[in-house]
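Step one of this worksheet: look at the structure below.
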Amino acid sequence: MDIRSISAHCFLWVTILFLTISISNPTWPNSPVSYYQDIQPILQRSCQGCHQPSQARGDLVLTSYTDFQRGGSEGKAFIAGEPNQSLVLDLISGDPPSMPMDSDPLTQAEIELFRRWIIEGAVNDTPKVDSDPTMKPPQYTIPPLISSLAYSPNGGILAVSGYREVLLHKADGSKLLTRLLGKSDRIESIVYGTNNNMLVAVGGTPARFGEVQIWDTNANKLIHSLQSTFDTIYGASLSPDNSLLAFGCTDETARIISIEDQKELVRFDNHSDWVLGTVFTTDGSHFVTGARDTALKLTEVKSGSFVDDINASNKGSGPIHKIARHPKLDQVLSGGEDRIPRLYRIFRQKRRDVGNTDFNLIRAFERQSDVINAIAFNTDGSQIAVGAVGGEVRIYKVADGNRIATLNADSTAVFAIAFHPEKDQVATGGFDGQIRIFNPNTGNLIKEFIPVPLDSVLTGAKKTGKKVEIAREKDNGVEATTEIKLAVSGMT
Ligand code: HEC
């Protein structure tokens with residue numbers, strides 16, 4: 001084991017140790033109660049179902065400190081320093097308590113947290129997530145996993161997810177143009193607005209916060225950052241008019257926010273596991289969600305109401321990892337654990353029968369060699385690309401389901417695929433952190449590059465590829481991704 005592999009190792013373990021400590025460290029009995037860490041999670045779990053922008057019972061919204069402070073139809077919900085005059089405390093501690101309405105009361109310990117927080121001044125300690133001008137770009141010792149890729153609508157730029165940043169490259173891979181630095185450790189999904197001036201990146205820091213970043217790509221400036229839920233968020237999509245953003249959450253909800261004012265307009269809670277993908281229909285009236293619970297669901301945007309189960313989940317897929325919409329039609333492609341890409345009609349033409357036939361299914365493609373983690377349509381919808389654990393990407397003709405080419409796209413796992421909007425090119429990214437650009441018709445590799453600048457001290461390692469290999473072998477595959485990425489941040 002050479003010195004570099006030892007250092008890679010140390011970072012890994014220091015990081016794991018750090019994570020373990022920060023997770024297991026409870027609020028000490030005498031430390032002040034934190035709104036962000038103690039109160040907000042309770043509000044989120046027990047109260048926000050009825051107190052959110054799209055459903056504000058008693059005119060009270062409990063999704064942000066400012067709204068909570070503003071109060072509802074009865075006036076302020078709390079008064080700092082005055083537990084006896086704070087309505088919220090009265091309502092959660094009555095006998096029986098009137099809030100949360102129709103569900104289990106909060107525990108004595110939780111009520112005590114509210115009481116102490118109010119006595120201690122009801123301080124808002126939510127961390128600011130605006131882009132920090134002093135923020136230093138991360139220094140990489142190994143290429144970080146690539147979880148998302150997107151071409152700008154005019155095809156000039158390829159946006160690549162990094163650690164705490166989105167990197168904008170010239171689409172041919174010849175130059176790194178800009179680094180968009182944000183607060184989220186992980187960027188899970190990147191989408192461009194169709195007008196070229198907006199890029200939306202969603203992600204978060206696992207078990208801490210989810211974040212939506214809205215960037216102005218003319219000025220390369222973060223215009224808005226919105227926190228949502230207490231975990232990484234996934235599968236972002238924009239409505240056709242670029243006014244709405246949908247995304248999936250680990251709290252089993254899918255949400256829609258308005259791009260203009262970042263207000264949450266829809267919170268859809270009809271899934272029973274993580275929601276990992278969203279797409280809007282061609283007219284923007286509905287949206288489709290795909291989740292680990294194996295379901296593909298159709299929801300009306302305006303009312304937020306569930307409309308239909310698109311797939312017959314007992315006949316259809318296993319847990320769904322990614323979904324993509326046909327660029328011109330109301331058809332959705334899904335892929336996940338059962339390794340079979342499936343193309344569905346979004347709106348059903350027949351009622352479901354007792355046999356629960358998979359009526360909306362247009363085509364089930366060939367079973368892949370491993371779990372599917374990336375899918376994409378080309379611009380005219382004539383081809384799809386499917387990427388799997390194992391590192392293979394296969395290109396299919398949509399019309400007949402025949403395989404056109406097989407790309408050797410990663411040494412371990414592919415997580416991101418994007419077709420160039422004009423040229424016959426498809427970009428792939430995954431666990432080994434390299435971008436590869438292929439011709440989808442021939443399967444020929446056109447260009448291969450590492451999208452992040454690697455620390456010069458370690459370029460020797462980069463040349464041999466040794467350090468990268470060592471980090472990977474030690475952590476048997478995909479699950480180690482977070483630790484390796486965090487090890488990278490340990491260098492900064
Ligand atoms: C199942 C729905 C539901 C849940 C869950 C719920 N509430 Fe309410 N809440 C209501 C309704 C409805 C009102 C309107 C008053 C009424 O009808 O009694 C209300 C009113 C309130 C008010 C008074 C607002 C005002 O100014 O009129 C407060 C404070 C409040 N809730 C706090 C909470 C807290 C804190 C929780 C979580 C611990 C919670 N609620 C959970 C339905 C709910």
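In table form, for the structure just shown:
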| read-out | value |
| --- | --- |
| Residues satisfying the stated conditions in the range 39-74, i.e. near the ligand (Cβ under 6 Å from one of its atoms) and small (Gly, Ala, Ser) | SER46, GLY49, GLY58, GLY71, GLY72, SER73 |
| The lone exception for LYS315 - which of (1) farther than 27 Å from THR194 by Cα; (2) at pLDDT below 95; (3) open to solvent by less than 30 Å² (accessible area, probe 1.4 Å) it fails | (3) |
| Candidates SER148, SER174, filtered to the one that is open to solvent by less than 40 Å² (accessible area, probe 1.4 Å) and hydroxyl-bearing (Ser, Thr, Tyr) | SER148 |
| Every residue from the range 87-120 that is more than 9 Å from the ligand (Cβ to nearest atom) and not in a helix (DSSP H, G or I) | GLY94, ASP95, PRO96, ASP104, THR107, GLU120 |
| Strands (runs of 3 or more DSSP E) contained in the range 356-457 and holding at least 2 residues within 24 Å of ARG179 (Cα to Cα), open to solvent by less than 40 Å² (accessible area, probe 1.4 Å) and touching a Pro at 6+ places or on another chain (Cβ under 8 Å) | 426-430 |
| Which numbered condition ASN124 misses (of (1) within 12 Å of the ligand (Cβ to nearest atom); (2) modelled with pLDDT of 90 or more; (3) surrounded by fewer than 16 Cβ atoms within 10 Å (Cβ to Cβ)) | (1) |
| In the range 339-355, residue modelled with the lowest pLDDT [restricted to those that are surrounded by fewer than 18 Cβ atoms within 10 Å (Cβ to Cβ) and either among the hydrophobic types (A, V, I, L, M, F, W, C) or within 26 Å of ASP370 (Cα to Cα) (or both)] | VAL354 |
| Filtered residues of the range 152-171 (kept if within 22 Å of GLY204 (Cβ to Cβ), open to solvent by less than 10 Å² (accessible area, probe 1.4 Å) and not hydroxyl-bearing (Ser, Thr, Tyr)) | ALA159, VAL160, GLY162, GLU165, VAL166, LEU167, LEU168 |
| Some residue of the range 164-174 being within 30 Å of THR282 (Cα to Cα) and in contact with a helix residue (DSSP H, G or I) (Cβ under 8 Å, 6 or more places away or on another chain) | no |
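The values are calculated or read from the model by the stated rules, or taken from the named source; none is laboratory data. Just so it is clear, the structure is predicted and the values come from calculations on it, not from any experiment. Reconstructed Cβ throughout: ideal geometry from the backbone, glycine too, with neighbour counts over all protein chains shown. What goes into the accessible areas is simple: the full protein's heavy atoms, side chains included, and nothing from ligands, DNA or RNA. Shrake-Rupley method; radii C 1.70, N 1.55, O 1.52, S 1.80 Å.
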